[in-house]
Structures are given as C-alpha cells and as structure tokens.
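Participant: Sharing a structure below in structure tokens format, with a few things to ask.
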Amino acid sequence: MLKVGLTGGIGAGKSEVSRLLAGYGAVIVDADRIAREVVEPGTPGLAAVVAAFGESVLTASGTLDRPKLGTIVFSDPEKLRILNSIVHPLVGARSAELEGAAGAGAIVVHDVPLLAENGLAPLYDLVVVVDAAPQTQLARLTGLRGMTGEEARARMAAQATREQRLAVATLVIDNDGPLEALEPQVRKVWETLTERAAAAGA
C-alpha cells in the first residue's frame, strides 16, 4: 500500500484533483466528508460539538448548522482549536478504518485540507500539494462559492500559508490556470505514484 497525503488551500482545486485521481484508480479517503459524517445527528461527535458551542449551532431539524459554526470558529482561533480537538480524533479513527479496508496493493490518497497545519506529512509516503496563488484562491471563493471578500480572507487566514504547504510537498500540482491544464499534471502525478507503489512492492 502506498499512502499519499493530498492537500491544498481552500479554493486551490484539491477536490478536482481528488476526483481525477479516483478516476485513475486511487482509493480516496476524504477527511472533509468524514468530518461531516462524524457530526451527523445522533453521533457522539455532534453531541460534543453542541456541548462546546451550544444548541444555537443546530438547525431546526437538528443537523449541524455548518455556516453558523464556521462564522463562530473562523474568527476565533481558540474556538477553532476546540472544534478541531473534537472532530480530528474522530476523523483520524475513521480514516484509519477506511485505509485498512483498502487492500495491500492500493494507492490510498488521503484528501486532507489541514495536513500542513496539523503536522501530518510524516504519516504519508509522500505528499501532493495542489498550489494556487492567494489571489486565485480569493477570486474562486468569491466568484464560484459566493463568499464575501471578508469571509474568504478569514477562511484563508485560518489555514497554513502557501509557503508552509509547499514546504511539506513531495509533488506539486500548479492549479493557477484553467481546468484543462490540470488533468495532464494529475496524470503525470498518477504515473509517479504507480511507479513508487511498484518500487515499494505495494
């Protein structure tokens, strides 16, 4: 098994890279998706979030009000730390479970937004960073996701800097350009991953 960490700043295009790698045959372990699963209604994770932040972070139907919680934590580093201390261990346990089920010959790509922030690079055989300039991220967040400039900057500021992400990269995918320029780069990365896996006897 080859364990790959995939990361990138918000708006860099990491999700599209993850989708392309899945198409080539990678087993994707999506930390964001797991983070949603572990705070679904009825889970210990949601109960812990409500205990920490109050009933106001729930919608009328009892699900987590993600935009409201995001507004609270992304403007307060201590509250963000509290949320992460609840969610990250649950995500880690579920990720390990999914990785274990992937099989010995798999190339397992862990899609982890906060890989650099949480010092997780040593957990992987190599790290792929999807890179885009901050101004590109900002344009995508305001243009494609409908965030205000202030919201987008707050989300970006809560993450590692571009330099911090690049410092942990084994391979870098430049996604500053159009979508059609992305796929050939991802294909080359996949070829590298399959070579590494074969060399390691994965």
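The values are calculated or read from the model by the stated rules, or taken from the named source; none is laboratory data. Since we're looking at a predicted model, the values are computed, not measured. Cβ placement follows ideal geometry from the backbone for every residue including glycine, while neighbour counts extend to all protein chains displayed. Each accessible area value is taken on the protein alone, full model and side chains, heavy atoms only, with ligands, DNA and RNA left out. Shrake-Rupley method; radii C 1.70, N 1.55, O 1.52, S 1.80 Å.
Participant: Suppose R0 equals 25 Å; then what is the FRET efficiency for HIS88 and ALA154 from their Cβ-Cβ distance, rounded to the nearest 0.05?
Facilitator: Working from the Cβ atoms, E equals 0.80.
Participant: Taking all protein chains as present, what is the carbon and sulfur share of the accessible area of segment 109-202, in % to the nearest whole number, probe 1.4 Å?
Facilitator: Of the solvent-accessible surface of segment 109-202, carbon and sulfur hold 53 percent.
Participant: Could you tell me the calculated FRET efficiency between ALA139 and ARG36, based on Cβ-Cβ distance and R0 = 30 angstrom, to the nearest 0.05?
Facilitator: 0.70
Participant: Sticking with this one: Which label marks the calculated value of Rg/Rh (Cα atoms, Kirkwood Rh), given the options (i) 0.93; (ii) 0.97; (iii) 1.00?
Facilitator: Answer by label: (ii).
Participant: Calculate how steeply helix 44-53 sits against the longest principal axis of the alpha-carbon atoms of the chain, using the helix alpha-carbon long axis, and give the answer as 0 to 90 degrees to the nearest 10.
Facilitator: Between helix and principal axis, roughly 50 degrees.
Participant: On the accessible surface of segment 1-98, probed at 1.4 Å, how many percent belong to carbon and sulfur atoms?
Facilitator: Of the solvent-accessible surface of segment 1-98, carbon and sulfur hold 58 percent.
Participant: Between LEU123 and ALA181, what length in nm is gained on full extension when 0.36 nm per residue of separation is reduced by their alpha carbon distance?
Facilitator: Roughly 17.9 nm would be gained on extension.
Participant: A follow-up question, please. Quick one: accessible area per residue over segment 1-88, 1.4 Å probe, rounded to a whole number of Å²?
Facilitator: For segment 1-88, the solvent-accessible area averages 47 Å² per residue.
Participant: Under a cut-off of 24 Å between alpha-carbon atoms, report the lysines in cross-link reach of LYS188, not counting same-chain residues fewer than 8 places apart.
Facilitator: LYS3, LYS14
Participant: Sketch the reach of a paramagnetic label on ARG81 as a point 7 Å from Cα along Cα-to-Cβ, and name the residues of segment 136-162 whose backbone nitrogen lies under 15 Å away.
Facilitator: none
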